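Enquirer: I have a structure here, written as C-alpha cells, and I will follow up with some questions on it.
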Amino acid sequence: MPELITPTPRLHASWLAAREEWADDAHMDGASLGSDDDVDSAEGFAAWVERLHAYGDRTLPVEQGRVHATYWWITEGDTYLGAIDLRHYLNGFLLDAGGHIGYSIRPSARRRGLATWALAQVLYEARLLGIDRVLLTCDPGNSASVRTIERNGGVLEDVRETLIGPKRRYWIDL
C-alpha cells in the first residue's frame with residue numbers, strides 16, 4: 001500500500017537505487033534535486049533532505065527564484081517509488097511553466113496509478129494551505145502526465161512555449 005512520507009535519510013539506499021533507473025539527463029520532477037547536491041554520501045543526502053524540509057517552513061527565507069514548497073516521497077514500506085511537491089504560491093516562472101505541483105515516479109513503479117493517487121492526496125493538502133486553484137503543467141508528449149492531471153479534474157487552459165520548452169497548462173479548482 002503506497003503512502004506519502006516526509007523525505008528521510010533512512011531511505012538513502014532505496015533512493016539511490018531509484019535514481020539508477022532514470023537516464024543520466026532525466027529530470028526527477030518534484031524532487032528539487034540540484035546539480036550541486038551531493039546525494040551519494042550519507043552526509044550529503046541528509047543535508048539535502050534537511051533542505052527539503054526547510055523549503056516548507058514559511059518562517060524561513062528561500063533563495064532567489066524559489067518559493068516555499070512541501071515535499072513528499074511516495075513509498076511502499078522502505079521502498080522509494082517517487083516524489084511529489086506542492087509549491088505554496090507561484091512566481092512568474094511557475095505561473096508560466098512550472099505550476100504548483102511537480103511529481104515523478106521511478107520507471108519500475110510506473111503504470112500502477114501512483115501519480116494519480118499521489119496527486120489526489122496533495123490536492124487535499126493544497127486545500128489545507130488555502131489554495132483554491134492549482135496549476136499543473138506537463139510536456140505535450142507526456143500522455144501519462146496528461147492522464148494523471150485530467151483524472152484529478154485538470155482542465156486544459158492552453159499549450160504554450162515557455163523558457164523550458166512547450167508546456168500544457170492545466171487548472172484544477174479546489
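Rule-based calculations on the coordinates, nothing more; no lab input. Please read these numbers as outputs of a predicted model, since none were measured by experiment. FYI the Cβ positions are ideal-geometry reconstructions off the backbone, even for glycines, and counts take in every protein chain you see.
Enquirer: Show me, for segment 144-154, the HN-Hα J-couplings you get by feeding each phi into the Karplus relation (A = 6.51, B = -1.76, C = 1.60, θ = phi - 60°), rounded to Hz, glycine and proline as x.
Expert: Result, rounded to whole Hz: 5, 5, 4, 4, 4, 5, 5, 5, 9, x, x.
Enquirer: Given the options Leu11, Leu163, Leu135, state which has the largest fluctuation in a GNM of the chain using a 10 Å cut-off (strictly under) for Cα springs.
Expert: Leu163
Enquirer: ³J(HN,Hα) across segment 118-124 via Karplus (A = 6.51, B = -1.76, C = 1.60, θ = phi - 60°), whole Hz, x for Gly/Pro?
Expert: Each residue's phi maps through the Karplus curve to give 5, 4, 4, 5, 6, 4, 4 Hz.
Enquirer: Okay, next question. If each DSSP helix of 4+ residues adds -39,500 (n - 2.57) and the sum is divided by the residues in the chain, what number results at 222 nm, nearest 500 deg cm²/dmol? Write out the running numbers ahead of the final one.
Expert: Values: 4 runs with 48 residues, N = 174.
Mean residue ellipticity at 222 nm (helix-derived): -8500 deg cm²/dmol.
Enquirer: Find, to one decimal place in angstroms, the Kirkwood hydrodynamic radius of the chain, where the mean of 1/r is taken over every pair of different Cα atoms and then inverted.
Expert: On the way: mean 1/r = 0.0607 Å⁻¹.
Averaging 1/r across every pair of different Cα atoms and inverting gives 16.5 Å.
Enquirer: Give the residues of segment 12-42 whose amide nitrogen is closer than 13 Å to a point set 7 Å from the Cα of Glu63 in the direction of its Cβ.
Expert: Correct set: 32-38.
Enquirer: Connecting C-alpha atoms closer than 10 Å in a GNM of the chain, tell me which of Leu129, Leu52, Leu114 has the biggest fluctuation.
Expert: Leu129
Enquirer: Cα gyration tensor of segment 112-174, axes a ≥ b ≥ c as square roots of the eigenvalues: rounded (a/c below 1.5), prolate (a/b > b/c) or oblate? Numbers along the way, then the final one.
Expert: Working: a/c = 2.24, a/b = 1.37, b/c = 1.64.
Oblate is the answer for segment 112-174, as a/c is 1.5 or above yet b/c matches or exceeds a/b.
Enquirer: Mean-square fluctuation check for the chain, GNM, Cα pairs under 10 Å: which of Thr116, Thr59, Thr79 is largest?
Expert: Result: Thr59 has the largest fluctuation of those listed.
Enquirer: Roughly what would the spin-label model give for Tyr124 and Val155, points 7 Å off Cα along C-beta, in nm?
Expert: Result for the modelled spin labels: 2.4 nm.
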